[in-house]
1. Counting residues that are buried (at least 19 other Cβ atoms within 10 Å of the Cβ), which strands (runs of 3 or more DSSP E) fully inside the range 217-324 reach at least 3?
2. Regarding Phe330, is this residue at pLDDT below 95, more than 14 Å from the chain's Cα centre (by Cα) and among the aromatic types (Phe, Trp, Tyr)?
3. Pull up the range 54-72, narrow it to residues that are of a type outside the set (Asp, Glu) and either within 17 Å of Pro397 (Cβ to Cβ) or out of contact with any helix residue (DSSP H, G or I) (no Cβ under 8 Å at 6 or more places or on another chain) (or both), then point me to the one that is modelled with the highest pLDDT.
4. Name the pairs: first residue in the range 205-234 and within 24 Å of Ala320 (Cα to Cα), second residue of a type in the set (Lys, Arg) and loosely packed, with under 15 Cβ neighbours inside 10 Å, Cβ to Cβ under 6 Å, at least 6 apart or on different chains?
5. From Thr304, Thr289, grab the single residue that is in the same structural domain as Ser392 (by TED's automatic domain parsing), among the hydroxyl-bearing types (Ser, Thr, Tyr), within 16 Å of Ser265 (Cα to Cα) and over 20 Å from the mean Cα position of the chain (by Cα).
6. Among the residues in the range 371-378, are any among the basic types (Lys, Arg), modelled with pLDDT under 95 and surrounded by fewer than 21 Cβ atoms within 10 Å (Cβ to Cβ)?
7. Which pairs have Cβ atoms under 6 Å, sit 6 or more apart or on different chains, and link a residue in the range 17-31 that is more than 19 Å from His48 (Cα to Cα) to one that is hydrophobic (A, V, I, L, M, F, W, C) and surrounded by fewer than 16 Cβ atoms within 10 Å (Cβ to Cβ)?
8. Between residues in the range 442-453 that are polar (S, T, N, Q) and part of a loop (DSSP other than H, G, I, E, B) and residues that are surrounded by fewer than 10 Cβ atoms within 10 Å (Cβ to Cβ) and at pLDDT 55 or above, which pairs lie under 6 Å by C-beta distance while being six or more apart or on different chains?
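The values are calculated or read from the model by the stated rules, or taken from the named source; none is laboratory data. Predicted, not measured: the structure shown is a model, and the values here were computed from it. As a convention, Cβ positions derive from the backbone with ideal geometry for all residues, glycine included, and neighbour counts pool all protein chains shown.
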Amino acid sequence: MGNGDRSEQIVRFGVFEADLQTGELRKNGSKVSLQGQPFQVCAILLEHSGELVTREELRRKVWPEDTFVDFDHALNTAITKIRAALGDEADNPRFVETLPRRGYRFIAPVQKAISQPASPAVPEVRSGRRRKNRRWLVASAVLLLLISGIGISRFSRRRAEEPLPPLEIVPMAAVPGFERDPAFSPDGNQVAFALGDANGCCGIYTTIVGGEKTLRLTSGTDYSPTWSPDGRRVAFYRDVNHGTSIYVVPALGGTEQRLYTGLSSAWTTGLNWSPDGKVLAFADSHGETNHTWISLLSLSDSSTRQLTFPSGPEIDYSPAFSPNGSTVAFVRGSIVGVVSDLYVVPTVGGVAKRLTFDNTWIIGSPTWTPDGRDIVFSSDRAGGLSRLWRVSPAGGPLRPVASVGVIAWSPSISPKGNQLVYQRMFFKDSLFRLNLKDETHPQSPPVLVKSDKGFNWRPHFSPDGKRFTVESNGLGIRRFGPATPSGPTVDS
């Protein structure tokens with residue numbers, strides 16, 4: 001695009017300015033956080049200022065059917081984010097008007113027209129979201145409960161439009177705290193996971209799939225468990241005062257053994273045992289604090305071999321061996337902006353191949369389907385909340401993993417391929433009622449009227465004041481599989 005068209009990409013309304021070329025929104029010259037699909041929706045509404053834009057039009061332009069499955073939730077979330085960025089209200093809109101069951105209309109005067117007829121491409125670079133410590137994401141630990149859910153899936157390759165069988169939703173584990181980093185045992189009967197609290201990790205646990213028994217293996221600040229191929233040991237990272245070390249412990253509990261020490265980066269995460277049991281792939285950071293690469297640790301002589309060679313501003317982490325051990329999938333990202341993508345590299349070494357080009361947040365380690373045909377990983381590439389996606393190690397289109405839902409992280413697939421365990425994050429939000437003596441003075445302390453898992457917002461009283469409505473996303477824990485006894489047949 002030439003410089004002559006540049007001014008036509010700047011749209012001004014009120015104190016706001018939208019740059020459709022760079023995907024930036026500014027208020028009085030200061031940048032406002034609105035990226036990805038919410039910005040695309042806003043741009044389309046600006047293009048058709050004063051006109052009705054139907055929900056169907058937005059779906060066609062922003063959410064093609066083969067890239068997003070929960071359109072209603074995604075669009076509602078996008079409109080909510082737009083209104084939050086503009087300081088707008090649904091009941092008394094100044095910018096975005098809702099036409100119930102039809103669509104939306106941008107009602108504020110727009111100073112400059114937009115020449116582009118199509119939705120702009122919006123870079124999904126995340127700025128201003130530097131992670132101080134990716135491991136725990138506990139900046140809001142008082143409000144967040146991180147736990148694991150288990151879903152049953154066959155990961156077949158039937159067409160996505162075929163109907164899914166009925167699903168049953170049951171919990172995986174119920175240990176108080178932050179459950180994370182789930183990993184299936186080689187026989188698929190157990191799951192190892194890390195448990196933490198508001199202060200960090202507090203040990204590695206195992207639990208039996210479908211049972212109630214949970215066994216505590218360690219008591220340190222431990223994370224990223226991975227099973228040995230024979231199922232007899234579990235390796236993990238442990239944070240100590242001088243840095244991070246790699247340990248191993250018997251799967252039934254017992255004496256711990258330290259395998260490697262000297263890791264120093266806060267980005268050291270993701271640990272994976274090779275299928276032949278000879279090496280561990282890990283995020284190496286020996287002597288580095290803001291730089292990591294993938295190395296292979298020999299369990300026979302404790303030697304290491306560097307496998308990936310990221311550039312200075314890049315970090316490599318979360319390795320995962322392919323089922324035949326010939327390839328390692330990993331995440332490569334940049335510290336500034338929290339942008340990352342999925343890569344693969346031959347285990348013998350070589351040039352890393354990039355599989356995704358989203359420049360967005362990938363949380364947790366990827367996992368392979370048992371046949372090695374797909375890699376499953378978590379990403380918020382569709383805008384908004386993280387989902388599970390799958391891609392061929394040879395590259396190609398990405399497909400969403402069906403039925404898992406949003407805020408899904410750290411997937412692990414059982415060796416038989418019929419079970420999927422993953423993390424879900426739950427938010428507990430409360431609503432209070434405050435009785436007033438007059439317009440500025442309370443009559444009594446606030447009274448709790450609603451407390452559920454999920455975000456609850458925009459309450460409204462009924463005309464008689466006896467009831468109220470509230471918007472909620474109702475997040476919850478999931479274990480999914482067919483409700484029929486014929487066996488799992490969930491597709492993605």
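1. Values: elements: 221-227, 233-240, 243-250, 257-263, 271-273, 279-284, 293-298, 304-306, 314-321.
Where strands (runs of 3 or more DSSP E) fall fully within the range 217-324 and carry at least 3 residues being buried (at least 19 other Cβ atoms within 10 Å of the Cβ), they are 221-227, 233-240, 243-250, 271-273, 279-284, 293-298, 314-321.
2. Considered against the rule, which asks whether it is at pLDDT below 95, more than 14 Å from the chain's Cα centre (by Cα) and among the aromatic types (Phe, Trp, Tyr), Phe330 comes out as no.
3. First, the residues of the range 54-72 that are of a type outside the set (Asp, Glu): 54-55, 58-64, 67-69, 71.
Among the residues that remain, those that are also either within 17 Å of Pro397 (Cβ to Cβ) or out of contact with any helix residue (DSSP H, G or I) (no Cβ under 8 Å at 6 or more places or on another chain) (or both) are: 54, 60, 63-64, 67-69.
Numbers: Thr54: 92, Arg60: 84, Trp63: 74, Pro64: 66, Thr67: 47, Phe68: 43, Val69: 49.
Among those that are of a type outside the set (Asp, Glu) and either within 17 Å of Pro397 (Cβ to Cβ) or out of contact with any helix residue (DSSP H, G or I) (no Cβ under 8 Å at 6 or more places or on another chain) (or both), it is Thr54.
4. Here the result reads Tyr205/Arg216, each pair linking the range 205-234 to a residue that is of a type in the set (Lys, Arg) and loosely packed, with under 15 Cβ neighbours inside 10 Å.
5. Thr289
6. To start, the set of residues in the range 371-378 that are among the basic types (Lys, Arg) comprises 373.
Those still in the list that are modelled with pLDDT under 95 too: 373.
Narrowing further to those that are surrounded by fewer than 21 Cβ atoms within 10 Å (Cβ to Cβ): 373.
Yes - at least one qualifying residue is present in the range 371-378.
7. Correct list of pairs: Lys27/Val15; Asn28/Val15.
8. Listed pairs, sorted by first residue: Gln443/Lys437.
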